[in-house]
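Have a look at the structure below, then the notes.
The values are calculated or read from the model by the stated rules, or taken from the named source; none is laboratory data. This structure is a prediction, so every number in the text was calculated from the model and none was measured. Using ideal geometry, Cβ is built from the backbone for each residue, glycine included, and neighbour counts are taken over all protein chains shown. Each accessible area value is taken on the protein alone, full model and side chains, heavy atoms only, with ligands, DNA and RNA left out. Shrake-Rupley method; radii C 1.70, N 1.55, O 1.52, S 1.80 Å.
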Amino acid sequence: MSSGVQPTQECLEKFQELKTGKKLSYVVYGLSEDKKSIVVLKTSEDKDFDTFVGELPEKECRWAVYDFEFTLPGGEGVRNKLVFVVWSPDDANVKNKMMFASSKDALRRRLEGIHIEIQATDFSEITKDAILEKALRR
């Protein structure tokens, strides 16, 4: 079931900037104060994965897109995959979790070119190894 919440134009523009410009490393999305739209909360050029994960709050839901760079086994080169992260920590407010879950598709469907989707409720579920495992499967 959809919440009716839609992403702002800035959400789509920042995603395109991440996808095509390769300047941004990640975009973190959340709900607006009035809970009527999806907005950009943070963008960064910092490629450090731990810095990205550090942007995810312990008790609030978020969506994010991270430009994951990895080396193929056997020296076949370096690749990039766009990772869509659904962050819904166990300690988040239930109403907040429901709102994010019902609004996810409104954002996800508009972001063309995502290769991997990770749903995490705990920091142990959003690791480089978990993403790399999914990246190498494709």
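Residue 8 versus (1) farther than 23 Å from residue 130 by Cα; (2) open to solvent by 20 Å² or more (accessible area, probe 1.4 Å); (3) out of contact with any Ser or Thr (no Cβ under 7 Å at 6 or more places or on another chain): which is the lone unmet condition?
With (1) farther than 23 Å from residue 130 by Cα; (2) open to solvent by 20 Å² or more (accessible area, probe 1.4 Å); (3) out of contact with any Ser or Thr (no Cβ under 7 Å at 6 or more places or on another chain) applied to residue 8, the lone miss is (3).
Scanning region 93-129 for residues that are part of a loop (DSSP other than H, G, I, E, B) and basic (Lys, Arg), which turns out surrounded by the fewest Cβ atoms within 10 Å (Cβ to Cβ)?
Selected residue: 109.
Report whether or not residue 53 is within 13 Å of the chain's Cα centre (by Cα), surrounded by 17 or more Cβ atoms within 10 Å (Cβ to Cβ), part of a strand (DSSP E or B) and at pLDDT 95 or above.
Spelling it out, it is not the case that residue 53 is within 13 Å of the chain's Cα centre (by Cα), surrounded by 17 or more Cβ atoms within 10 Å (Cβ to Cβ), part of a strand (DSSP E or B) and at pLDDT 95 or above.
Residues of region 90-114 being more than 14 Å from residue 27 (Cα to Cα) and either at pLDDT 95 or above or of a type in the set (A, V, I, L, M, F, W, C) (or both), which ones?
Across region 90-114, the qualifying residues are 92, 94, 98, 99, 100, 101, 106.
Give the number of residues within region 56-92 that are at positive phi and buried (at least 19 other Cβ atoms within 10 Å of the Cβ).
Here the count works out to 0.
Kindly indicate whether any position in region 26-45 is open to solvent by less than 80 Å² (accessible area, probe 1.4 Å), touching a helix residue (DSSP H, G or I) at 6+ places or on another chain (Cβ under 8 Å), of a type in the set (S, T, N, Q) and assigned to a loop (DSSP other than H, G, I, E, B).
No, the conditions are met nowhere in region 26-45.
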